[in-house]
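Inspection log for the structure reproduced underneath, given as structure tokens.
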Amino acid sequence: MTDALLELRGIDKRFPGVRALKDAQFDVRPGEVHALIGENGAGKSTLIKIVSGVYQPDSGEIMLDGAQVEFGNPRESHSAGIATIYQELGLYPELSVAENIFMGHAPTRKRLGFNTIDWEAMEAEAEALLAELNIHNLDVGAMVGTLNVGNRQRVEIAKALSLDARILIMDEPTAALTESDVEQLFSIVRLLRERGVSIIYISHRLNEVFELADRVTVLRDGEYIGTKNVAETDEAELISMMVGRTIKNLFPKQAAHIGEVVLEARKLNRPPLTRDISFSVRAGEIVGLAGLVGSGRSETAQVIFGVLPAESGEIRLNGQAVRITRPSEAVDYGIGYVPEDRGHQGLIREMTIRENTSMAVLESVSSRSFISRAKERALANGAIRQLSIRATGPDQIANKLSGGNQQKVVVSKWLASSPKLLIMDEPTRGIDVGAKAEIHRLMSRLAAQDGLAILMISSELPEILAMSDRILVMREGRLVGEFTREEATQENIAHAMMSEEARQAAGAAL
Ligand SMILES: Nc1ncnc2c1ncn2[C@@H]1O[C@H](COP(=O)(O)OP(=O)(O)OP(=O)(O)O)[C@@H](O)[C@H]1O
Ligand SMILES: [Mg+2]
């Protein structure tokens, strides 16, 4: 009846207090890239965890090659040829690349009558697998723990291939990648598709969907909304399918009165990643900090917030020199910080949304050191409404939320704390398109109305260009460029971000 390799029908999945999937459906054809998109909490990760055997559906059926199957655990899904690329979880850091690829199915040879691992064959096969993927400068003997995120992901893909996976699932694979790693991932995905591997690709970045996918399926509130051929749809249609309405203004930046200098950094040093950093941010101003991953942007933020205190240099707030040696001091001076790694630094995952949102603002919700539950709850409810956090309520434990909804909790916590200076590191990464516009609107309003000074780190140039009054560019630990809103273009910022060698290479390619 259909030409599907894998087909899910009528899938229901409940968690306490939530119906994560309601009569959801999805199908994958051989050799296609099928994108799965939807707002935070729409049920994307839950659906692919059902395919990979992590969760079992409450009802509905899974068909593989036209026959009904059940995956009681990840092993069963694996043996059916389905592999999932997790961000980092799947690998053993203290083992080599080759050992990770062949974990559990290493080539063996007979020695003194016993089967022993054939190390030479294993390394040779690992090299062959990587070469098949056009991956050449990765040492199969290297310990995985020493690799960067991009290389670790390549090891995961090689591992999936060594298991003869026919279906490869990727859940937000580009979230933590550098620009060049993204390019390389895309070429690997295309190569796999040519070989007939089917890929299920989850992303919040619609440009990736258009660049890579053949078809796209949209989920909303756990329900199946529809499937489109990518060639026959556009961004506006997908957004309205995801959010159930059209969003007119994706980057709602309002003009603000730029006031006095709030933060002044003078020759801040913390080698190797921050050298001689001098800049200022004024009241009402949004300053964008651009640069490649690893250029020192996050470290600069951490120097100012006292996570990695400066070894030399000066921080001045509202004209006064201050010494910040730890984050609590930064908070006392009115600095807020939305970290990049929200899972570890931003959120206490065992606590409720209510407790998390009120953490940065304990002063205003406590009277004489008694914390008012009612005020906390009002604050949390406000955040849930404003950023449409999909939760059972303010008392839900943070780690039961979907990835993007956890991030919204962190962002709302700092927006609610009314700081004078707010540092935001990748504030909308992993956040869906509707909530993203909402966070931008809030940033813009707080700057324009309350004179908040904002330093925003982002790897998305459209976000930098649309939201910043001024743009700073970092490269290899130093500030190397500054542009006004009027001067800045995608090209001149990207050019400033690149190293000398990369520029020469790009020049030579022209
Ligand atoms: N283990 C769990 N326990 C309770 N609720 C859960 C659990 N896992 C997911 N949920 C809930 O199920 C719903 C769907 O979550 P899911 O992680 O599938 O969303 P998602 O589409 O992947 O979102 P995101 O884009 O934010 O990653 C959410 O409301 C989430 O809170
Ligand atoms: Mg998810």
Collect the residues in segment 53-91 that are farther than 16 Å from Pro173 by Cα and within 16 Å of ligand 2 (Cβ to nearest atom), keeping them in residue-number order. Val54, Tyr55
Report whether or not Val473 is in a strand (DSSP E or B), surrounded by fewer than 23 Cβ atoms within 10 Å (Cβ to Cβ) and not aromatic (Phe, Trp, Tyr). no
Only residues that are assigned to a loop (DSSP other than H, G, I, E, B) and more than 8 Å from ligand 1 (Cβ to nearest atom): list them for segment 393-430, please. Gly393, Pro394, Asp395, Ala416, Ser417, Ser418, Pro419, Lys420, Glu426, Pro427, Thr428, Arg429
Suppose we filter Pro30, Pro57 for residues that are in the same structural domain as Ile11 (by TED's automatic domain parsing), within 15 Å of ligand 1 (Cβ to nearest atom), more than 26 Å from the chain's Cα centre (by Cα) and not acidic (Asp, Glu); which single one remains? Pro57
Within the bounds of segment 62-73, is there any residue that is more than 10 Å from ligand 1 (Cβ to nearest atom) and closer than 23 Å to Glu194 by Cβ? yes
Regarding Val51, is this residue among the aliphatic types (A, V, I, L, M) and at pLDDT below 95? no
Of all the residues that make up segment 42-52, how many are small (Gly, Ala, Ser), within 8 Å of ligand 2 (Cβ to nearest atom) and buried (at least 22 other Cβ atoms within 10 Å of the Cβ)? 0
So if I check each of Val433, Val480, which one is buried (at least 20 other Cβ atoms within 10 Å of the Cβ) and either more than 30 Å from Ala20 (Cβ to Cβ) or among the aliphatic types (A, V, I, L, M) (or both)? Val433
Need the failing condition index for Ala416 against (1) without any contact (Cβ under 8 Å) to a residue 60 or more places away in the chain; (2) closer than 18 Å to Val338 by Cβ; (3) in contact with a strand residue (DSSP E or B) (Cβ under 9 Å, 6 or more places away or on another chain), just the number. (3)
If I filter segment 163-172 for residues that are farther than 30 Å from Leu206 by Cβ and either at pLDDT below 85 or surrounded by fewer than 19 Cβ atoms within 10 Å (Cβ to Cβ) (or both), do I get at least one hit? yes
Subset of segment 71-87, residues polar (S, T, N, Q) and out of contact with any strand residue (DSSP E or B) (no Cβ under 6 Å at 6 or more places or on another chain), comes to Asn73, Ser77, Ser79, Gln87
Which condition from (1) within 31 Å of the chain's Cα centre (by Cα); (2) at pLDDT 95 or above is the one that Ser96 breaks? (2)
Name every residue in segment 198-218 that is more than 16 Å from ligand 2 (Cβ to nearest atom) and either under 16 Å from Arg154 (Cα atoms) or free of Cβ contacts under 8 Å to residues at least 12 places away in the same chain (or both), in order of residue number. Ile199, Asn207
Which of the residues that make up segment 306-323 are surrounded by 19 or more Cβ atoms within 10 Å (Cβ to Cβ) and modelled with pLDDT of 95 or more? Ile315, Leu317
Residue check: is Thr233 in contact (Cβ under 8 Å) with a residue 12 or more places away in the chain, assigned by TED's automatic domain parsing to the domain that holds Asp27 and more than 30 Å from Arg445 (Cβ to Cβ)? yes
What are the pairs, 6+ residues apart or on separate chains, where a residue within segment 36-50 that is in the same structural domain as Ala437 (by TED's automatic domain parsing) and free of Cβ contacts under 8 Å to residues at least 12 places away in the same chain has its Cβ under 8 Å from a residue that is among the hydroxyl-bearing types (Ser, Thr, Tyr) and near ligand 2 (Cβ under 9 Å from one of its atoms)? none
For Phe71, only one of the following conditions fails: (1) in a loop (DSSP other than H, G, I, E, B); (2) over 30 Å from Val144 (Cβ atoms); (3) of a type outside the set (Gly, Ala, Ser). What is its number? (2)
Output the residues belonging to segment 111-128 that are of a type outside the set (Gly, Ala, Ser) and in contact with a Pro (Cβ under 8 Å, 6 or more places away or on another chain). Ile117, Asp118, Met122, Glu125
Restricting attention to segment 387-440, and to residues there that are on the phi > 0 side of the Ramachandran plot and modelled with pLDDT of 85 or more, which single residue is farthest from ligand 2 (Cβ to nearest atom)? Gly393
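The values are calculated or read from the model by the stated rules, or taken from the named source; none is laboratory data. Everything numeric here is computed off the predicted structure, so don't read it as measured data. FYI the Cβ positions are ideal-geometry reconstructions off the backbone, even for glycines, and counts take in every protein chain you see.
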